[in-house]
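Just so it is clear, none of the values below were taken in a lab; they were calculated from the coordinates. Everything numeric here is computed off the predicted structure, so don't read it as measured data. All Cβ positions, even for glycine, are placed from backbone atoms using ideal geometry, and neighbour counts span all protein chains on display.
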Amino acid sequence: MTTSVYDPTTYTMFVRDISEIKDGITSILVLTKDSDLHQEVTKKMQKNDVDDSLYLVDIEDQESKLISSLQSIEQIKKDLKTDCLIFLNKKAGSLEYISHRPKPESKYDWLDVAKAFKEHYGMSEADDSGYWRWGQIVPEDGEYLCLDCGYIEDLSAGEIFPVCEVCLAGDPEGPLSVRDGFWEKI
Ligand SMILES: [Zn+2]
């Protein structure tokens, strides 16, 4: 079997050590090798352009040094027992936590979610209607209203705009696409 971008039989996209990860904003999809999620992601990687800052980590790989590095990050420790999509900034040889999403499911396009996050993280303006997207950085402290359900959340400058915990806007399972703006400053 040969593919130009990804060959699961040669373990190509799985990383086991920090040194294999490029500097900058990166996403790591932690999953179990040969699971439904892995097979789904593999199919998509074979079909699409691979985002070269997305890496896979096999949670059951006993020899992975990267898993211990990830487990030492306070914010993701409790979610790392199972599949997880993690956004990090690699600099000076270490991994800085940005955000993460627990329990990705194979029915969602997690490659697209990872790509959307990176786009949003670099956007410093609300969209044309004044709404902020999941993954953007909150510009100022205050109350933000969810366009979809009217839920109000208190957010602090510098944190990441979350998924709406009530209607799940910003989540693949929610009412809006991961690329839609839905938080408005009130
Ligand atoms: Zn909502």
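Remarks
- Backbone amide hydrogens, once placed in the peptide plane, bring Phe182 within less than 5 Å of Trp132, Arg133, Trp134, excluding anything fewer than 5 places away on its chain.
- Contact order normalised by residue count of the chain, Cα under 8 Å, 6+ apart, percent: 17
- The modelled label-to-label distance between Arg179 and Ser124, using points 7 Å beyond Cα along the C-beta direction, is 2.4 nm.
- Across the range 115-186, Cα pairs under 8 Å and at least six residues apart give a relative contact order of 34 percent.
- Compared with the alpha-carbon gap, the fully stretched path from Glu140 to Val166 is longer by 7.2 nm at 0.36 nm per residue.
- Inter-site label distance for Ser156 and Tyr97 at 7 Å from Cα along Cβ, in nm: 1.3
- Over 32 Å between alpha carbons, listed pairs Lys44/Lys65; Lys77/Lys107; Lys22/Lys185: Lys22/Lys185
- Cysteines, the chain, no other Cys beta-carbon under 4.7 Å: Cys84
- Within straight-line reach of Lys33, meaning a Cα separation under 17 Å, sit the following aspartates and glutamates at least 8 residues removed in sequence or on another chain: Asp7, Asp17, Asp58, Glu60, Asp61, Glu63, Asp83, Glu105.
- Shown in residue order for the range 155-166 are the 3J(HN,Hα) couplings computed by the Karplus curve 6.51 cos²θ - 1.76 cosθ + 1.60 at θ = phi - 60°: 10, 10, 3, x, 7, 8, 4, x, 5, 5, 6, 8 Hz (x for Gly and Pro).
- Long-range HN-HN contacts of Ala169 with modeled amide H, under 5 Å: Cys164
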